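Asker: Pasting a structure below so you can have a look.
Just so it is clear, none of the values below were taken in a lab; they were calculated from the coordinates. The model shown is predicted, which means the values in this text are computed figures rather than measured ones. A quick note on method: Cβ atoms are made from the backbone with ideal geometry, for glycine too, and the neighbour counts reach across all protein chains shown.
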Amino acid sequence: MLRLIRCTLTAASLLIAASAAFAQAADGGARDARPALTVFVGGAVTAAVKDAGAAYERRTGTMVVYVSDTTGGLQKRLAAGEKADVVVATAPGLDAMEKEKLTVRGTRANLARALIGVAVKAGAPSPDLSTPDAFKAALLKARSLSYVSPAAGGTSGTYIEGLLQKMGIADAMKPKIVYRNQGSEVAAAVANGDAELGISFSAELTPNKGVKVAGALPNAIQLPTLYAAALTNAGSVKPTARAFVGTLTGPDGRAALVRAGLEPIDRSER
């Protein structure tokens, strides 16, 4: 009789344990089955979009996956068949994507303007950026300069490469250039001593605590760049994607853009 009771209790314990394991697995499966949203995002606004996206995830329970790259890189990814629901990139880049039917016409929302800045290693003296001539002199004096390779499709790098030509110092600077593929990598090159100066969008440089943004390019040679968001044609969760873009244009998004050092676009400009 005692043996029978022990067997019964053991069987009951196993049944309870199995039920608990099943419930845990089911719960985990439910979490893993949360709707997912893939966002392609340009480097200059990556920090801000992730910041706003965290608030969106908390509010909706939707898991967001981010892929950060240059605008040109994002365009190539979409053209090659990579899947995304939302793309956040420069306005000219989105124009090109719309022409290639990679984004959904009429879904674009302007978000913010980004300015190009100059970074030095934290603690290093700042160069004079007050005028184009002062900026030119700072470049010629620098031991090395890092910016995004135009081959990587970066907006700032393509612009700087052309600017060096216009200023007549491209040949003098060529041996000093340290190319990188994204603005965050430019910041890292300055922080670890591979480059004395780094030029990219300030919002890409600022997150690296090993660098100091000395300032923006002088107004006469600045390139204010508009960033916007749009739904992709390849996206499979259009309502969810629209809600995410709504977060970027709402209070959470605006606050995140300001924190990242970007200039939010007023509703009247959208």
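Asker: Kindly put E263, E204 in sequence by how many other C-beta atoms sit within 10 Å of each C-beta, fewest to most. Walk me through the numbers on the way to the answer.
Answerer: Values: E263 15, E204 32.
Ascending Cβ contact count within 10 Å gives the list E263, E204.
Asker: Each label point is 7 Å from the Cα along the Cα-to-Cβ direction; what then is the distance between the points at R259 and K99, in nm?
Answerer: The answer from the label model is 3.7 nm.
Asker: Run the reach check for K141 against lysines, Cα to Cα strictly under 19 Å, same-chain hits fewer than 8 apart removed. What comes back?
Answerer: The qualifying lysines are K121, K166, K174, K176, K212.
Asker: Starting from the 7 Å offset along Cα-to-Cβ, what nm value, one decimal, do you get for the label separation of A151 and A124?
Answerer: 2.4 nm
Asker: Calculate, for L223 and T131, the FRET efficiency according to 1/(1 + (r/R0)^6) with r their C-beta to C-beta distance and R0 22 Å; round to the nearest 0.05.
Answerer: Values: r = 17 Å, r/R0 = 0.75.
The value I calculate is 0.85.
Asker: Could you go through segment 197-206 in sequence order and give the Karplus-derived ³J(HN,Hα) for each residue, using 6.51 cos²θ - 1.76 cosθ + 1.60 with θ = phi - 60°, rounded to whole Hz, and x for Gly and Pro?
Answerer: Per residue, the Karplus-derived 3J(HN,Hα) values read 10, x, 10, 6, 5, 3, 5, 7, 7, 4 Hz.
Asker: Here is a further query. Work out, step by step, the length gained on full extension between D266 and K83: first 0.36 nm times the residue separation, then minus their alpha carbon distance; give nm to one decimal. Walk me through the numbers before you get to the answer.
Answerer: Numbers: separation 183, 0.36 × 183 = 65.88 nm, distance 3.03 nm.
Extra length available between D266 and K83 comes to 62.9 nm.
Asker: Also: Under 11 Å from a label point 7 Å along Cα→Cβ of A170: give me every residue in segment 123-161 with its amide N that close.
Answerer: Backbone N within reach: 161.
Asker: Give me the dipole magnitude in Debye, nearest 20, for segment 22-181 about the Cα centre, with unit charges on the beta carbon: positive for Lys and Arg, negative for Asp and Glu. Walk me through the numbers on the way to the answer.
Answerer: Values: 21 positive and 14 negative charges, 41 e Å.
Result for segment 22-181 is approximately 200 debye, rounded to the nearest 20.
Asker: Taking a cut-off of 22 Å between Cα atoms, list the lysines near K238, but don't count ones fewer than 8 places away on the same chain.
Answerer: Once the sequence-local lysines are set aside, what remains near K238 is K50, K76, K83, K99, K101.
Asker: Could you pull out the trypsin sites (Lys or Arg not before Pro) across segment 173-215 that fall in loop regions by DSSP (anything but H, G, I, E, B) with no more than 13 other Cβ atoms inside 10 Å?
Answerer: Details: sites: K176, R180, K209, K212; in loops: K209.
Of the trypsin sites (Lys or Arg not before Pro), the ones in loops of segment 173-215 whose Cβ has at most 13 other Cβ atoms within 10 Å are K209.
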